[in-house]
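Written below as structure tokens is the structure these notes are about.
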Amino acid sequence: MPKLSVTVITKNEAADIGAALESVAWADELIVVDSGSSDGTPAIARRHNARVVEREWPGYIAQKNYAASMATYDWILSLDADERVTPELAREIQQTIGARSPHAAYRVPRVTWYLGRWIRTTDWYPDYQTRLYDRRVAEWTGKYVHEAVTVRGPVGQLRGELEHFAYRDTADHLETIDRYTTYAARQMHEDGRQAGLLQIAGHPPLAFLRNYLAHGGIRDGVPGFIISALNAYYVFLKFAKLWELQHANASVKLSTTEDTEDTEVKT
């Protein structure tokens, strides 16, 4: 029967890593790749029988692929420190691995705890994540944000949920939005995307309507409204930062051209 390695990448995750590892204590191997935590994360991980590897931070994708390369077994369950595997999902994973399924990877529905409830509306649900995969035919790819597992083979889908404790509060949520929109804008800029008034003014309202009405955020009351509004704010900030990058780049080019012309005149 194939065995399973669980991998987690961490930095200062003392508040979460213990519960995350407890939820996968049934796995054959637990591996934590830590990037210089100063809050005791490695010690907590070791107390939960995880093998801890220390490595400087190279980025999400490189670190997750490195964690998979450190595993003893080919089947990998990639878990974040703020996630928990439910008992239902644990049983399903064990049955799936044991059945020697023809699939090379599996998507898992993820449900987020936010403002005192599980959110099963808006763009946040079911938020399928490809987390269970055979490392021989799959690896993490992407650039700055939204890293994903690229699979060379068929991908199945599990029913058990992965629980996500993404944000402590709205302040933490806003800090995350600020950080991730910076990455997203940089990625779009490098991909040649453009932002103008249409994108900055038009996309956020559409994002709000999609989340609040089309995807049912209205059924979650005030939390559903807050999530829909902040998802729209994410879209606004992403395009605003892209616009800023475009104009900063244009200013640099203009300045360089003026310097060159000035040098030519002086010569």
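Overall, the accessible surface of region 1-84 at a probe of 1.4 angstrom is composed of carbon and sulfur to the extent of 47 percent.
Taking a ≥ b ≥ c as the square roots of the eigenvalues of the Cα gyration tensor, region 48-178 is classed as oblate, since a/c reaches at least 1.5 and a/b does not exceed b/c. Taking a ≥ b ≥ c as the square roots of the eigenvalues of the alpha-carbon gyration tensor, region 142-247 is classed oblate because a/c is 1.5 or more while a/b is no larger than b/c. Given a 1.4 angstrom probe, I'd like the percentage of the accessible area of region 145-253 that is carbon and sulfur, rounded to a whole number. The nonpolar share, carbon plus sulfur, comes to 60 percent.
Taking every protein chain into account, the accessible area of region 164-220 amounts to 60 square angstrom per residue (probe 1.4 Å). If you bin all the Cα-Cα distances of the chain at 10 Å, starting from zero, the percentages per bin are 7, 24, 30, 23, 10, 4, 2, 0.
A dipole drawn for the chain from +1 and -1 charges on Cβ atoms has a positive end, and of SER35, ALA166, PRO102 the residue lying farthest that way is PRO102. Shape class of region 128-177 from the Cα gyration tensor (axes a ≥ b ≥ c, square roots of the eigenvalues): oblate, since a/c reaches 1.5 or more and a/b does not exceed b/c.
The distance from the alpha carbon centre of region 15-74 to that of region 148-197 is 21 Å, rounded to a whole number.
Using a Gaussian network model of the chain in which every pair of alpha carbons under 10 angstrom is joined by a spring, one finds that among LEU197, LEU213, LEU230 the greatest mean-square fluctuation is at LEU197. Rounded to the nearest 500, the helix-only mean residue ellipticity at 222 nm of the chain stands at -14500 deg cm²/dmol, with each DSSP H run of n ≥ 4 adding -39,500 (n - 2.57). When restricted to Cα atoms, region 71-146 yields an Rg and a Dmax of 13.9, 40 Å, respectively. For region 1-77, the set of GluC sites (Glu not before Pro) satisfying both a DSSP loop assignment and a count of at most 12 other C-beta atoms within 10 Å is given as GLU56. Surface exposure of region 7-121, expressed per residue as accessible area with a 1.4 Å probe, stands at 44 Å².
The values are calculated or read from the model by the stated rules, or taken from the named source; none is laboratory data. Note that the structure is a prediction, hence the values are computed from the model and not measured. In this analysis, Cβ positions are derived from the backbone assuming ideal geometry, glycine residues included, and neighbour counts consider all displayed protein chains. Note: accessible area is taken over every heavy atom of the protein model, side chains too, but ligands, DNA and RNA are not part of it. Shrake-Rupley method; radii C 1.70, N 1.55, O 1.52, S 1.80 Å.
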